[in-house]
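Visitor: Mind having a look at this structure? Questions to follow.
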């Protein structure tokens, strides 16, 4: 009995370690996936932590008191001090591309602080810091100033306030609700859409081609008068259509659940999702062009596979590529992406969707993305047609 058990163990070990794909998927791939994903996430968090630290920022100061001169002058070298303050400087901060912060002290700030009695019940002198949180450099300088002033305020036993809102309409962050929400959505939604599209393709494509090879039904199709390119186009279009429906359903679900996800309903927050018909149309067209490439690549990999199980193994590395493309908005800088980058499949779709959700869309990247994706789809149809014509590929065991 013991020898029989050892024989079974040896047989299973030989089968497992003799199958390179199974060994790669079971032993190597999990560690590789975790390493790459956490590496990319670490790079992203490091990028977000240091983003904007090397950009020059103009700090405009009004009524700089003598007590704060040393604090302001000891700020990082990337912060350029300018005085005086123009009347329209606050309004200019609404431009999120502008690296500026405005710091306003009350007139005779030192005298007001020295004579203020915290027990009097009167309002303390108020220091105002105007910035734009949608601009990484501006937001960084705001936090540096707020931290420095708070430390000085603690030394003086809270003899002045920072950004106290005396009026209901007072606001110091000049970023609009659209800018703030758009920045969040642009980093989150493209990744979710891409993963939902991939899940839809993955659910049907392997069984459509690799499954038919495994069952032997693909041979029946290949002996009919049907042209191979027609078969390839039919497979890709049908798979893409079904996956597209899955992607649209997922997108609708995300849109409807978004208020619940950020608890906007309970808090009474106005989301300000001011996206136009053109924005939604661009998203839909980009999703369609992306799912065509996705279905094409998965179809090619499925055609190369011997069976459905083998197809899943071959598609796993492709899933890693798609996942990486979806993560890129989380750790890229705010600088514009070069037009040549929109020739990279999947990455280009993510960049276009990111720009739409961030209210920064321009038409040239959209056109380049669509042209590139259509061209890649045509190339994939040609490759799949050649594979359907190859008996070595289609009847491999």
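Visitor: When you scan region 319-338, do you find a residue that is in a loop (DSSP other than H, G, I, E, B), in the same structural domain as residue 281 (by TED's automatic domain parsing), touching a helix residue (DSSP H, G or I) at 6+ places or on another chain (Cβ under 7 Å) and buried (at least 20 other Cβ atoms within 10 Å of the Cβ), even just one?
Guide: Scanning region 319-338 turns up no residue that is in a loop (DSSP other than H, G, I, E, B), in the same structural domain as residue 281 (by TED's automatic domain parsing), touching a helix residue (DSSP H, G or I) at 6+ places or on another chain (Cβ under 7 Å) and buried (at least 20 other Cβ atoms within 10 Å of the Cβ).
Visitor: Within region 296-303, can one find any residue that is without any contact (Cβ under 8 Å) to a residue 24 or more places away in the chain, crowded, with 17+ Cβ neighbours inside 10 Å and touching a helix residue (DSSP H, G or I) at 6+ places or on another chain (Cβ under 8 Å)?
Guide: Yes, there is a match, as at least one residue in region 296-303 is without any contact (Cβ under 8 Å) to a residue 24 or more places away in the chain, crowded, with 17+ Cβ neighbours inside 10 Å and touching a helix residue (DSSP H, G or I) at 6+ places or on another chain (Cβ under 8 Å).
Visitor: Of the numbered conditions (1) modelled with pLDDT under 75; (2) in the same structural domain as residue 298 (by TED's automatic domain parsing); (3) surrounded by fewer than 19 Cβ atoms within 10 Å (Cβ to Cβ); (4) on the phi < 0 side of the Ramachandran plot, residue 216 fails exactly one; give the number of that condition.
Guide: Looking at each condition in turn, residue 216 falls short on (4).
Visitor: Identify the residue in region 162-175 that is in contact with a helix residue (DSSP H, G or I) (Cβ under 9 Å, 6 or more places away or on another chain) and assigned to a loop (DSSP other than H, G, I, E, B) and, among all such residues, is modelled with the lowest pLDDT.
Guide: Filtering region 162-175 for residues that are in contact with a helix residue (DSSP H, G or I) (Cβ under 9 Å, 6 or more places away or on another chain) and assigned to a loop (DSSP other than H, G, I, E, B), the one modelled with the lowest pLDDT comes out as 175.
Visitor: Inside region 107-126, can you point out the residues that are touching a helix residue (DSSP H, G or I) at 6+ places or on another chain (Cβ under 6 Å) and buried (at least 17 other Cβ atoms within 10 Å of the Cβ)?
Guide: Listed by number, the list holds a single entry, 125.
Visitor: Considering each residue of region 239-250, count those that are touching a residue at least 24 places away in the same chain (Cβ under 8 Å) and within 19 Å of residue 376 (Cβ to Cβ), and give that number.
Guide: Total satisfying the criteria: 5.
Visitor: Return the residues of region 147-161 that are under 26 Å from residue 78 (Cα atoms) and surrounded by fewer than 16 Cβ atoms within 10 Å (Cβ to Cβ); say none if nothing qualifies.
Guide: 147, 148, 150, 151
The values are calculated or read from the model by the stated rules, or taken from the named source; none is laboratory data. Being a predicted model, the structure only gives us computed values, none of them experimental. In this analysis, Cβ positions are derived from the backbone assuming ideal geometry, glycine residues included, and neighbour counts consider all displayed protein chains.
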